Amino acid sequence: MYNCKKNILAGFILLFVFVLIVGCSGAKEGSSKPGEGNSKETSNSGGKPQAGGELVAAAGADITSFDPILSTNAGDYQFLWPVYDTLTRYNSKLELQPGLAEKWEYPDDKTLVLHLRKGVKFHDGTDFDAEAVKINMERVKSKDSTISDFKNVESFEVVDPHTIKFHLKQPDASILLALAERAGIIVSPKAIKEYGKDIAQKPVGTGPFKFVKRVPNGEIVYEKFDGYWKEKEPFLDKLTIKIMPNETTRINALKSGEIDLIQGVSPFSVESLEGTPNIKVENVTSFTEKIIVFNAKKPPFDNKAFRQALKLAIDRKAITKTLLRGYGKPAYQIFPNEYWAANHDLKIDYDPEKAKQLLAESGVKKPSFSMITTTQDYYEPMFSDMLKEQFAKVGIEMKTESMEGTAAIGQFWSEKKFEAFSSGVAGKSDPHLLLEIWVAKDSFYNAGNHTTPELDKLIAEANATYDQTERGKLYSEINRIQSEEVINLLPVVSTPVIYAMNEKVKGFEPNGLVKSYFPSIWLEK
């Protein structure tokens with residue numbers, strides 16, 4: 001039986017939908033007033049927001065659980081956020097924003113104080129307060145939780161009804177943005193007590209919409225919560241998310257008017273939508289990547305020169321043009337090139353001659369390796385076919401074996417039967433959370449637990465630094481070392497995030513991780 005971490009990654013691969021990388025505020029305090037934020041007009045607002053109506057969106061897979069501590073798919077956010085608020089948020093510009101916590105500060109490096117909004121109600125009529133936050137935070141830290149973001153939190157202390165302290169074991173700059181995701185979701189304590197394990201199917205939060213019903217693998221229906229703390233939001237009276245696993249089915253439903261919004265359109269389907277009356281397509285900055293993960297304890301990946309040769313043998317521009325129809329970008333590091341924590345000078349040139357030279361220096365005889373691909377990823381087998389051809393040009397044979405996602409995870413990360421894995425990756429709300437998952441020595445997903453003493457030291461130092469400018473310098477160096485040493489993965493391309501919607505949909509705030517926030521949406525009548 002697979003543990004929680006394996007299930008989490010299974011969700012990443014099965015949907016190829018990942019968690020958003022966002023920047024965090026360099027300041028130690030943040031604030032906003034009720035009603036500010038996503039109620040403002042966006043670039044596609046098209047005028048003054050109008051209240052009323054029903055939005056019907058389509059999702060590729062059903063929610064895994066409405067209990068945030070049991071949810072295991074990044075795709076779950078589109079189902080969770082309508083009914084639940086988080087303690088902090090991030091906007092479409094990837095900036096940290098207040099949520100149920102309207103401001104915060106660090107009195108010292110090991111104490112985080114959250115000041116909570118007043119007058120907020122749960123859907124069941126009970127009050128949101130610091131005790132409700134403490135109950136939820138302790139659930140996140142419990143043995144039943146799939147969330148690992150609080151490993152540096154010692155305890156939670158209720159100071160007064162609207163103030164709570166996080167006591168940290170050591171400085172941790174990732175906490176605030178972790179609170180914008182599952183770790184910061186607040187469930188009604190009354191509902192937790194009343195429903196017990198059934199809370200996974202009976203969500204009660206403080207969010208903009210109330211849960212109405214769920215038809216498994218069919219649809220999830222929400223209605224407007226009239227007692228929502230934000231002025232005017234949500235604009236919609238009703239929200240329905242239909243489960244449509246097949247992309248062609250989703251596209252035909254959009255064209256026919258059955259649905260209004262598709263999140264995550266493949267590059268291969270864009271042409272069929274462009275020029276369609278009443279349909280608009282948006283390609284937003286992506287924070288997802290297609291990568292090769294390898295086990296650095298297994299030959300030939302235990303050879304640094306071989307890893308470096310493989311890095312230079314990949315023609316990322318050709319793969320972007322052919323595989324992604326020009327919608328994506330070459331990827332040179334685990335962070336997107338536009339991200340504040342990226343090394344903006346880092347680039348990997350396609351250099352087959354240098355790759356041949358490094359391969360000769362490696363001393364690897366008859367260089368070859370086997371890579372797992374998954375049947376769920378629509379980029380396969382074209383991606384692996386292009387890599388095979390490029391590697392063959394420098395004298396490296398790559399063999400592939402395709403299998404279902406969960407089985408592939410077990411074969412590579414648990415049983416360690418293969419040398420490499422064709423995977424997708426995305427960030428978390430804070431750069432440290434991404435490195436902790438994929439790069440850190442003890443990470444489940446660092447198959448060979450390969451690292452360097454310098455890299456480990458820098459990762460710890462960056463997470464203990466609260467100033468974003470200083471953190472940025474540290475992460476830039478981390479990216480350089482990861483690329484130079486080729487620690488445990490090879491970034492290949494930044495995959496596109498494309499949305500398609502009916503022209504009547506206004507106020508939508510798309511992001512690069514297909515994690516949508518619906519309250520800002522309104523329908524033009």
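Nothing in this text is a laboratory measurement; each read-out follows from the coordinates by a stated rule. Please read these numbers as outputs of a predicted model, since none were measured by experiment. Using ideal geometry, Cβ is built from the backbone for each residue, glycine included, and neighbour counts are taken over all protein chains shown.
Observations on the structure shown:
- Estimated from the Cβ-Cβ distance and a Förster radius of 25 angstrom, the FRET efficiency linking Asn283 and Met382 is about 0.80.
- Each peptide in 395-402, 207-214, 116-123 receives the mean, over its residues, of other Cβ atoms within 10 Å, and ordering these scores from highest gives 207-214, 116-123, 395-402.
- Dipole of the chain, positive direction: furthest Cα of Phe150, Thr111, Ile481, with charges on the beta-carbon: Ile481
- Think of the range 377-440 as having a plus end and a minus end, set by charges on the Cβ of Lys, Arg, Asp and Glu; of Ala408, Leu435, Ser384, Leu435 sits farthest toward the positive end of this dipole.
- Extension gain from Lys354 to Lys48, taking 0.36 nm per residue of separation minus the Cα-Cα distance: 104.4 nm
- Our estimate of slack between Lys399 and Asp345, defined as 0.36 nm per intervening residue step minus the Cα-Cα distance, is 16.1 nm.
- Sequence-distant residues sharing a close amide H with Val493 (under 5 Å, placed H): Lys290, Ala331
- Counted charge near Lys515, where neighbours are those whose Cβ lies closer than 12 Å (Asp, Glu -1; Lys, Arg +1): 0
- Overall shape: rounded for the range 287-496, with the ratio a/c of the largest to smallest alpha carbon gyration tensor axis below 1.5.
- Residue-count net charge about Leu239 - beta-carbon cut-off 9 Å; Lys, Arg +1, Asp, Glu -1: -1
- Relative contact order for the range 485-525, counting Cα pairs under 8 Å that sit 6 or more residues apart, in percent: 35 percent
- For the range 301-311, backbone phi angles converted through the Karplus equation (6.51, -1.76, 1.60; θ = phi - 60°) give residue-by-residue couplings of 6, 7, 9, 4, 5, 5, 4, 5, 5, 4, 4 Hz, Gly and Pro being listed as x.
- Dipole in debye (nearest 20) - the chain, about Cα centre, beta carbon charges: Lys, Arg +1; Asp, Glu -1: 600 debye
- For the range 208-301, the list of GluC sites (Glu not before Pro) that fall in a loop by DSSP and count at most 16 other C-beta atoms within 10 angstrom reads Glu231, Glu258, Glu274.
- Of the trypsin sites (Lys or Arg not before Pro) in the range 405-436, those whose Cβ has at most 15 other Cβ within 10 Å and which sit in DSSP loop: Lys416, Lys417
- Here is how the number arises for the chain: DSSP H runs of 4 or more residues each give -39500 (n - 2.57), the sum is divided by the residue count, and the result at 222 nm is -7500 deg cm²/dmol.
- The value of relative contact order for the range 287-496, using C-alpha pairs under 8 Å at least six residues apart, is 38 percent.
- Ala360 sits among other residues whose Cβ lies under 15 Å from its own Cβ, and their net charge, with Lys and Arg +1 and Asp and Glu -1, is +4.
- Full extension of the chain between Ala392 and Asp109 yields a length gain of 96.7 nm, computed as 0.36 nm times the residue separation minus the alpha carbon distance.
- Across the range 100-110, rounded Karplus estimates of 3J(HN,Hα) from the backbone phi angles (6.51 cos²θ - 1.76 cosθ + 1.60, θ = phi - 60°) give 5, 8, 8, 7, 7, 7, 10, x, 8, 5, 10 Hz, Gly and Pro being marked x.
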